[in-house]
Every structure is written in C-alpha cells, then in structure tokens.
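Q: Structure provided below as structure tokens; questions to follow.
What follows draws every value from the coordinates through simple rules; no lab data is involved. Just so it is clear, the model here is predicted, and its values are computed rather than measured. All Cβ positions, glycine included, derive from the backbone under ideal geometry; neighbour counts span all protein chains shown.
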C-alpha cells in the first residue's frame, strides 16, 4: 500500500486553503493524516478557532477508522444514538462524523490517508478538501454515493 507523501500533503493543504480564500470562507484549519491516522501536515489560518485542529483531525481520523467519507459517516451517525455512542467510546471521543472529512485514495482506489478541514460550514470545508486532494493528483472520497 502506498502512503500520502509529505509533498502531496503540502499540496493538499495549500490548495485547500487557497480555495477557502477564493470562496472567502472563515479561517480554516486543514489536517492531512496518513492511512494509519498519523499527521503528515497541518496548517491553521490566523484567527482559526482554538478547537479547529481537534475538529479537523477528528473528521479525518473518523473517516479512516470507518473506511468511508464524512458524508456517509454523518448519514450513519444520524441513524441511531447507540451507534454513535459506541463509536465515540471505541475511539476515545476522537471522531467527528461530518462532511469535511475526506478519504484520500490513490489511482488504484486504495486509501492512503484522509483530510479533515474545519472552520466554515462542513459542506464548504469539504469543497476545499476535494480541491486540495484533486490538485495533488489523488482521488477524493467524500462518502457521497453520487
């Protein structure tokens, strides 16, 4: 299995932040994790809230743990409180089931990491994540079946 490289992670972060500036979003925090859940890159824009690193990491970490993107994760979390409580207990509260957590797939479709973005609405965070992943020549997986 390949892994997201530092060069790819840096491209993802920088292009995601540039998209956020283009869209005039609130200050963003972008985190890129490898497939094992370890941080490869992170940037936090000036005036980004103090919990944004943890939220962005939780979005990315949760998608890796479940094996599907944040949109699908959010849908499944809404189906029952017991499911979400079990996941929170199993993860030590580290997951954030929301759009803005996007799996990174290589060209063969293998999961090589994940991006989590926090700062604006989850839908807008996700747009920036997809932009960054695509700019790095990789495939984003938002969990949207469409």
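Q: Would you compute, for the Cα atoms of the chain, the largest minus smallest coordinate along each principal axis and list the three values in descending order, in whole Å?
A: Largest first, the chain extends 39, 36, 29 Å along its Cα principal axes.
Q: I'd like to compare 116-128, 39-51, 133-145: which one has the highest average count of other Cβ atoms within 10 Å, and what's the full order after that?
A: Numbers: 116-128: 23.6, 39-51: 14.2, 133-145: 18.6.
Peptide ranking by packing, descending: 116-128, 133-145, 39-51.
Q: Right, another one. For residue 46 and residue 108, calculate 0.36 nm times their separation in residues minus their Cα-Cα distance, and state this gained length in nm to one decimal.
A: On the way: separation 62, 0.36 × 62 = 22.32 nm, distance 3.65 nm.
Between residue 46 and residue 108, full extension yields an extra 18.7 nm.
Q: Describe numerically, in nm with one decimal, the distance between label points set 7 Å from Cα along Cα→Cβ at residue 144 and at residue 76.
A: Spacing of the two 7 Å Cα→Cβ label points: 2.0 nm.
Q: Need the full-extension length gain, residue 86 to residue 21, defined as separation in residues times 0.36 nm minus the C-alpha distance. One decimal, nm.
A: On the way: separation 65, 0.36 × 65 = 23.40 nm, distance 3.71 nm.
Extra length available between residue 86 and residue 21 comes to 19.7 nm.
Q: Using alpha carbon centroids, what distance separates the stretch 1-18 and the stretch 99-116, in Å?
A: For the stretch 1-18 versus the stretch 99-116, the Cα centre distance is 11 Å.
Q: Picking from 22, 54, 72, which is most flexible by a Gaussian network model of the chain using Cα springs under 10 Å?
A: 22
Q: Rank 37, 69, 109 by mean-square fluctuation in a GNM of the chain with C-alpha springs under 10 angstrom and give only the top-ranked residue.
A: Maximum fluctuation in the GNM of the chain, among the listed residues, is at 109.
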